[in-house]
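Written out below as structure tokens is the structure these notes cover.
The values are calculated or read from the model by the stated rules, or taken from the named source; none is laboratory data. As the structure is a prediction and not an experimental result, all values here were calculated from the model. Quick reminder, even Gly has a Cβ in these numbers, built from the backbone with ideal geometry, and neighbours come from all protein chains shown.
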Amino acid sequence: MSSITYLANPGNLKKPYISLLRYPGGKSSLYGRLRTLIRLNGLSNGTYVEPYAGGAGAALALLVTGQVREIVINDLDPAVYAFWRAVVTEREAFSDLLVNAVLTVEEWTKQKEAYLTAPRDDYLTLGFATFYLNRTNRSGVLNGGPIGGKDQSGNYKIDARFNKQALSERLRLLSLYSNRISVRNEDGLQVIKEFAASPSAFVYADPPYVEKAGSLYLNSFTKSAHQSLADCINSLSETKWLLTYDDVPLVHELYSDRRRELFSLNYSAHRVAKANEVMIFSDALVTETGEDRLF
Ligand SMILES: C[S@@+](CC[C@H](N)C(=O)[O-])C[C@H]1O[C@@H](n2cnc3c(N)ncnc32)[C@H](O)[C@@H]1O
């Protein structure tokens, strides 16, 4: 059955801030909603899979609060992958780099160079450079400029988002869970296919937006990539998957046979922002909304 429902506040639970990356369009605020879906579908002992993980804020929050047993973080971007891989497998060396990081435009230039030229399998160098730029660039956008500008004349300076103590604490917390985090660098479709037949997997796919992707992420999807994802995931009627996208006509076209729900990431108790995102549910997923919420 096809349907669209509207929900103003998709995740009205306090979520733990745990990701070390700032991610434009990050979905950590869906923590409460994901937690409910995981419980409703009896997947608390299962594997939570993000094939397009980015900052993986929701995945990590679910893991450290015991909502799922293990998580799979996959991202095709080699820099994002290197970051997660270094954090999970070279925590102490990463921690030393973090604590000793020099927050100047001169160092920013060096890290930018490392980001562009480090061997893709030098996970520590590339991963730390990715992290450094993410924390010192405006909005965390990797190919943007430093907060405060190169002349540091802005109100906020390059160190505004680099709280060493808070970041070190997050890193230490994650290290307690590192044996339950699997980090991958594959095409998201491969990962979806790999977990499609697993009855204990919950797949949350948050691919690049249809319209806003270009400026935000290094890998933006073409129209045919959106189509291929839809062809694959629409056919997985037994798999427990959830997909989020920007609310644009192409998405409704591709998923016209699935249950859909509009939501806003910018909801707060004082302000209901216009819904501009859409959630799409696999037929196998039990949701709390039920028939009574459809229109
Ligand atoms: C919308 S972002 C995910 C944001 C994430 N949900 C969060 O909360 O931070 C999409 C991510 O997909 C990654 N990506 C793009 N194309 C991909 C592909 N074909 N396979 C896997 N990951 C891909 C991008 O590098 C980006 O990190």
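Worth a mention:
- Scanning region 142-190 for residues that are in a loop (DSSP other than H, G, I, E, B) and β-branched (Val, Ile, Thr) gives 147, 158.
- For residue 210, the stated conditions hold: it is at pLDDT below 95, more than 8 Å from the ligand (Cβ to nearest atom) and in contact with a helix residue (DSSP H, G or I) (Cβ under 7 Å, 6 or more places away or on another chain).
Residue-wise test of (1) at pLDDT 95 or above; (2) under 19 Å from residue 282 (Cα atoms); (3) within 9 Å of the ligand (Cβ to nearest atom).
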residue: 165; (1), (2), (3): yes, no, no
residue: 177; (1), (2), (3): yes, no, no
residue: 181; (1), (2), (3): yes, no, no
residue: 188; (1), (2), (3): yes, yes, yes
residue: 204; (1), (2), (3): yes, yes, yes
residue: 214; (1), (2), (3): no, no, no
residue: 232; (1), (2), (3): yes, yes, no
residue: 238; (1), (2), (3): yes, yes, no
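- Where helices (runs of 4 or more DSSP H) sit wholly within region 32-102, those with at least 2 residues that are in contact (Cβ under 8 Å) with a residue 60 or more places away in the chain and near the ligand (Cβ under 10 Å from one of its atoms) occupy 57-64, 78-89.
- Residue match in region 201-218 (condition: polar (S, T, N, Q) and part of a loop (DSSP other than H, G, I, E, B)): no
- Complete set of residues in region 72-86 that are touching a Ser or Thr at 6+ places or on another chain (Cβ under 8 Å) and under 20 Å from residue 134 (Cβ atoms): 73, 79, 80, 82, 83
- Remark: residue 210 falls outside the filter, which requires a residue to be of a type outside the set (Ser, Thr, Tyr) and touching a Lys or Arg at 6+ places or on another chain (Cβ under 7 Å).
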